[in-house]
Amino acid sequence: MTTRFLRVATAAFVVALIVGLAWVIRAATGTSNLSVSASVSANCTITTAPVAFGAYDPIGANATANLDATGTVTVACTKGTSATIGLGLGQNPAASVRKMTDGATGLLTYELYKDTTRAAVWGNAGTDLLDTGAAPSKAARNFTIYGRVPAAQDVAAGTFTDSVVATVNF
């Protein structure tokens, strides 16, 4: 019985020793630094709201007065991104003059400007671009388009339209 007791006690001791060593081995730690990175690209989006002039009356109100209207270009850029906005000449330009068409042969001259006084034409290159400056945040910013149909144009009755491409450069 003593031999048997010794064998059982020795086996129990060996099991306890193995369990204890396993716990000690599990309790050991090691460390390593994990690198984390990301890149943020400069990006901008652009949307527009139309310049809707409404009714042009070449015999009455607009015989002597311009017809003015406004529209909007909305740009959202990555924070800190500088951008410029260009407006194309439209689908019916004559030289550098924008024209709306009635779909046939009728043309109605108009212009788009960067300023409330309608002195700085808003174009698609050089100083005609609108400089937005650096984006203070990713929030969308609105920029007003000041449109004008000059007075005293001799045009036939009809509905005149044009389509201008707005471009954000960043």
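Some points to look at:
- Test result for Asp131, more than 19 Å from Asp57 (Cβ to Cβ) and part of a loop (DSSP other than H, G, I, E, B): no
- Test result for Thr117, out of contact with any helix residue (DSSP H, G or I) (no Cβ under 6 Å at 6 or more places or on another chain) and without any contact (Cβ under 8 Å) to a residue 12 or more places away in the chain: yes
- Per the listing Tyr146, Tyr110, the residue uniquely more than 23 Å from Ala42 (Cα to Cα), surrounded by 17 or more Cβ atoms within 10 Å (Cβ to Cβ), within 24 Å of the chain's Cα centre (by Cα) and of a type outside the set (Lys, Arg) is Tyr146.
Yes or no, residue by residue, for (1) modelled with pLDDT under 75; (2) in a helix (DSSP H, G or I); (3) touching a Leu at 6+ places or on another chain (Cβ under 7 Å); (4) not aliphatic (A, V, I, L, M):
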{"position": "Ala9", "(1), (2), (3), (4)": "yes, yes, no, no"}
{"position": "Leu21", "(1), (2), (3), (4)": "yes, yes, no, no"}
{"position": "Arg26", "(1), (2), (3), (4)": "yes, yes, no, yes"}
{"position": "Gly30", "(1), (2), (3), (4)": "no, no, no, yes"}
{"position": "Ala38", "(1), (2), (3), (4)": "no, no, no, no"}
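- Only one of Val36, Val40 that is loosely packed, with under 10 Cβ neighbours inside 10 Å, within 30 Å of the chain's Cα centre (by Cα) and in contact (Cβ under 8 Å) with a residue 24 or more places away in the chain: Val40
- Restricting the search to strands (runs of 3 or more DSSP E) fully inside region 47-102 and requiring at least 3 residues that are in contact with a Phe, Trp or Tyr (Cβ under 6 Å, 6 or more places away or on another chain) gives 67-77.
- Qualifying residue in region 101-112 (condition: in contact with a Leu (Cβ under 9 Å, 6 or more places away or on another chain), under 18 Å from Thr48 (Cβ atoms) and in contact (Cβ under 8 Å) with a residue 24 or more places away in the chain): yes
- Number of the exception - Lys138 against (1) in contact with a Lys or Arg (Cβ under 8 Å, 6 or more places away or on another chain); (2) in a strand (DSSP E or B): (2)
The values are calculated or read from the model by the stated rules, or taken from the named source; none is laboratory data. These numbers come from a predicted model, not from an experiment. Heads up, the Cβs are rebuilt from the backbone with ideal geometry, glycines too, and the neighbour counts pull from every protein chain shown.
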